[in-house]
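J.: This is the structure I have questions about; it appears just below.
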Amino acid sequence: MKLLIVLVLAMALAQDAPRARPIVVASKPFGESYILCEMFAQLLEARGFRVDRRPGLGATEIAFAALRNGSIDVYPEYTGTGLLAILADTTRRTPAQAFTHVASEFRRQFGVTWLPPLGFENTYAISVRRETATQYSLRTLTDLARVAPSLRAGFTADFIGRHDGLPGLARAYGLGFREVRPLLAAVKYQALASGGVDVIDGYSTDGLIARYDLVVLADDRGFFPPYQAAALVSAAVARDDPRAVAALAELSGRIDGATMRALNRKLEVDGVSVDMVARGALDSLGLGSTSRATADAQRAPAGRMSAWDSFVHAMVNDRAALARRTWRHLVLSAVSLVAAALVAIPFALVLERRRRLAEPLVRVTGLLQTIPGIALLAFMIPLLGIGIVPALVALFVYSLYPIVRNTYSGVRDADPVAVNAAHALGMTPAQVLRLVRLPLAAPTIMAGVRTAAVINVGTATLAAFIGAGGLGEPIVTGLALSDTGLILSGAVPAAVLALLVDVALAGCERAVRPKGL
Amino acid sequence: MKRYTTPAGPVDALAGVSLDVADGECVALVGESGSGKTTLLRCFNRLVEPDSGAIAVNDADVRRANEVELRRHIGYVMQEGGLMPHWTVRRNVELVPWLIGIPNADALVREAMALVGFTDGSFYGRYPRQLSGGQRQRVALARALAARPTVLLLDEPFGALDAITRADLQEMFMAVRKQRPVTCVLVTHDLFEAQRLADRIAVMRAGAIEQLAEPREIIGSPATTYVARLVEKAGLNRVDRHA
């Protein structure tokens, strides 16, 4: 019941603009997805639509769940991912068959529309260093199977876990590596180039394949399904906004593999901003809105900024964004913390009166703490969509345990002699709680709130995965683009914020400590 | 009678115990720890609920009384004082008048503080941790007396003090009783203290009363060897001989 009230409050707080609804354009957290998302957004803007950008949503589960329930309206997806990850269909198909199948199935099952493919495929590219390829004369995955037992592989966790990833691939080719390490997408190319691993799962359009001069091994048994890129459009927009659909469809068939690889290279190797890469691309397709684009693109940096430069750029030149993100981060943490305290403290006081139920129930709130952040966010999307509301609810859930635990223990263990005397002199149980136990427990309760606050500020960086903004935004983008400076421009302010919040609450802790203690 | 469950099975404490305290009288309950003296004391204000038997305070059955109301009209002092550590001396002493809703709490506080020997107001604003052990027990006694109860329960009130402070507080307690006739039940493990402060002594052992008599009789003619040993240990037999 209390939770419900908090949810309603949170939703009320999160209602921002009135609903002359902009089109919400989103992406998954990797470079190519950012570029396509930005191209969709700029194209729609050029055709007169209002656009709300939500780049870098968690992963397939989060982005698709958000599209399905209408929290977002369009994001770039791949037919193979649609087949395997969403429909769990492993039937072998040609690219054309695959597209027809996902298009009809998605419309039937989810009411969601696939626009005609953009014109390129981005399949898994199992890659090795050139000298490895030469040394073992590797050209295909069949060749790889022969020498795999002496090689170390570094794959994204996603690829290792999905049955259309490593498990299926290993079965199809009889692959068995000496060692398989889970690696973040952001570091796998560097890990391969530096010799930390010998094989990685790249994407065929990655800009970094060319940069590191890698050899992509051919899928000679056709294990990977066709991964044609296309815009996936929500039911609402497909139904109500035929002009928006038409605008997006202008891109269909216009981006070939070479073009996409070049765009990715600009972003990931040359360090051109997503905005400018997208602008340049639309311009050269004759779909741009302004001539400013070309001029901007020409002024773009010739090479990629160093980590330090991009950190300084984000902190100094982009300080308006930094301030906005910090503010959002603070609001997310503070609102969820206050809501959690308002629920957790009364809850713990009730538990103190029902001691037999107390320990089990406190442990249940402790269990909530063990749900991984991303998983909790993913669970909530079908109910709450993306953005601020689910982020607040997740942070609220994570804040409960430290506050409940400290409040309960503090009140239960309050100076037993004083509590005894209070009873003996004729205080009612309610008076004992209000006048003796609570004031004596106040510093302990406050310490719990303080712990929750610091955890909260740290966890709030995950909110960026569901489009809630905050200091996690540059971290997610930085991870996607392997931009250490950008990652730090989120991580450092978040750490500083956590410290400041801790210091501020230490002050509150002193303030609530009763004078005589 | 109060039934306790122990690892060895249920144990009946205070079976067959009968104790009558007259108006204005002070009865000391003396015995070793585990003898049941504190349990008996706590029956009077229902901090312990007997499983069978009857207890009356001022001729009213305590089980019929509202326990909170009952406790507000019975003074209580415990060994470590039990002062609220987050409250000033004044707030501690005015607690019971405030709980009852007596309007002139301030006058009652001054009166009670004067009774225990605090005549100037300099202590009122202090917190318990700023007081010595003896001062804390005086404040605890003042708190127990502030609402002018007719009955006062004392659980080892001077037990945690050094010998000199203890003797001082015993004097103070005797002076208080002269000014404020109040019916007292005093729990102590110290027979010497009991014979000094009480009109009658109940020697308790293993949940039963071994002997109930005036101090002179306990010392002069102990009813059992246990009582005799207790008298001897307290050095009271020698004191008596020299007197």
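Readers should treat all values here as calculations from the given coordinates under stated rules, not as data from a laboratory. Because the structure is a prediction, the values reported are computed rather than measured. Every residue, glycine among them, receives a Cβ derived from its backbone with ideal geometry; neighbour counts consider all protein chains shown.
J.: Using the Cα centre of the range A:130-219 as the reference point, and only Cβ charges (+1 on K/R, -1 on D/E), how large is the resulting charge dipole? Debye, rounded to the nearest 20.
T.: That gives a dipole near 160 debye.
J.: Taking only the Cα atoms of the range B:84-149, how large is their convex hull per residue, in Å³?
T.: 72
J.: Search the structure for amide H atoms under 5 Å from the amide H of B:ASP12, placed 1.01 Å from N in the peptide plane, and list their residues when 5 or more places away or on another chain.
T.: Those lying under 5 Å, H to H, from B:ASP12 are B:TYR4.
J.: What ³J(HN,Hα) values, in whole Hz, does the Karplus curve 6.51 cos²θ - 1.76 cosθ + 1.60 give for the range B:141-154 when θ = phi - 60°, with x put for Gly and Pro?
T.: 5, 4, 4, 5, 8, 4, 7, 6, x, 8, 10, 10, 10, 10
J.: Would you work out the charge dipole size for chain A about its Cα centre, treating the Cβ of every Lys and Arg as +1 and the Cβ of every Asp and Glu as -1, and quote it to the nearest 20 debye?
T.: Roughly 1440 debye, rounded to the nearest 20.
J.: Work out the charge dipole of the range A:319-512 with +1 on the Cβ of Lys and Arg and -1 on the Cβ of Asp and Glu about the Cα centre, then indicate which of A:TYR408, A:SER336, A:GLY426 is farthest towards its positive end.
T.: Farthest along the dipole direction, towards plus: A:GLY426.
J.: Given points 7 Å out from each Cα along the Cα-Cβ axis, report the A:ARG353 to A:ALA262 separation in nanometres with one decimal.
T.: 7.3
J.: Grab the other residues whose beta carbon is less than 11 angstrom from that of B:GLU80, score K and R as +1, D and E as -1, and report the net.
T.: -2
J.: So who's got an amide H within less than 5 Å of the one on B:GLN211, skipping anything under 5 residues away but keeping other chains? H placed 1.01 Å off N, in plane.
T.: The list, which skips near neighbours in sequence, is B:VAL203.
J.: Working from the pairwise distances between different alpha carbons, so that the mean of 1/r is found and then inverted, what is the range A:319-512's Kirkwood radius in Å?
T.: About 17.9 Å, per the Kirkwood formula over Cα pairs.
J.: How would A:ARG152, A:ARG363 line up from fewest to most surrounding beta-carbon atoms within 10 angstrom?
T.: Ascending Cβ contact count within 10 Å gives the list A:ARG363, A:ARG152.
J.: Follow-up. With runs of 4+ DSSP H residues as the only contributors, calculate the mean residue ellipticity of chain B at 222 nm using -39,500 (n - 2.57) per run, divided by the residue total and rounded to the nearest 500.
T.: Calculated mean residue ellipticity at 222 nm is -10500 deg cm²/dmol.
J.: To the nearest µm²/s, what D does Stokes-Einstein give for the range A:124-216 at 4 °C and 1.567 mPa s, using the Kirkwood radius over alpha carbon pairs as Rh?
T.: For the chosen part, D equals 100 µm²/s.
J.: Mind putting a number on the dipole of the range B:84-149 about its Cα centre? Charges go on the C-beta only, +1 for Lys and Arg and -1 for Asp and Glu, and I need it in Debye to the nearest 20.
T.: Rounded to the nearest 20 debye, it is 220 debye.
J.: Further question on the same structure: What is the calculated FRET efficiency for A:LEU285 to B:ASP120, with r their C-beta to C-beta distance and R₀ = 60 Å, to the nearest 0.05?
T.: Approximately 0.05, to the nearest 0.05.
J.: Quick check of the Kirkwood formula: for the protein assembly as shown, what is the inverse mean of 1/r over all pairs of different Cα atoms, in Å?
T.: Answer for the protein assembly as shown: a Kirkwood hydrodynamic radius of 32.3 Å.
J.: Report the normalised scattering of chain B as log10 I(q)/I(0) at q = 0.10, 0.11, 0.13 Å⁻¹, calculated by the Debye formula with identical scatterers on the alpha carbons.
T.: With no solvent term, the Cα-only Debye profile gives -0.49, -0.60, -0.83.
J.: Would you work out which of B:LEU108, B:LEU141, B:TYR127 lies farthest towards the positive end of the dipole of the range B:84-149? Charges go on Cβ: Lys and Arg +1, Asp and Glu -1.
T.: Selected residue: B:TYR127.
J.: Here's something else I'd like to know. List the residues whose amide H sits under 5 Å from the amide H of A:ILE126, counting only those 5 or more places along or on another chain, with H placed 1.01 Å from N in the peptide plane.
T.: Here the answer is A:GLY202, A:LEU217, since their amide H atoms fall under 5 Å of that of A:ILE126.
J.: Karplus couplings for the range A:88-105 from phi (6.51 cos²θ - 1.76 cosθ + 1.60, θ = phi - 60°), rounded to Hz, Gly and Pro as x?
T.: After applying 6.51 cos²θ - 1.76 cosθ + 1.60, I find 6, 10, 9, 4, 5, 9, 6, x, 5, 4, 4, 5, 4, 5, 5, 4, 6, 5 Hz.
J.: How would you rank A:LYS188, B:LYS178, B:LYS37, going from fewest to most other Cβ atoms within 10 Å of each one's own Cβ?
T.: So the ranking, lowest neighbour count to highest, is B:LYS178, A:LYS188, B:LYS37.
J.: On to the next question. Run the helix sum for chain A: -39,500 (n - 2.57) per DSSP H stretch of 4+ residues, divided by residue count, reported at 222 nm to the nearest 500 deg cm²/dmol.
T.: -18500 deg cm²/dmol, from helical runs alone.
J.: Something else now. For the range A:469-474, take each phi angle, set θ = phi - 60°, evaluate the Karplus expression 6.51 cos²θ - 1.76 cosθ + 1.60, and give the result in whole Hz per residue in order, putting x for glycine and proline.
T.: Once θ is set to phi - 60°, the couplings for the range A:469-474 become x, x, 6, x, 3, x Hz.
J.: Another question, if that's okay. Sum up the charges of everything whose Cβ sits under 9 Å from the Cβ of A:PRO443, counting Lys and Arg as +1 and Asp and Glu as -1, but leave A:PRO443 out.
T.: Here the charged neighbours net out to +1.
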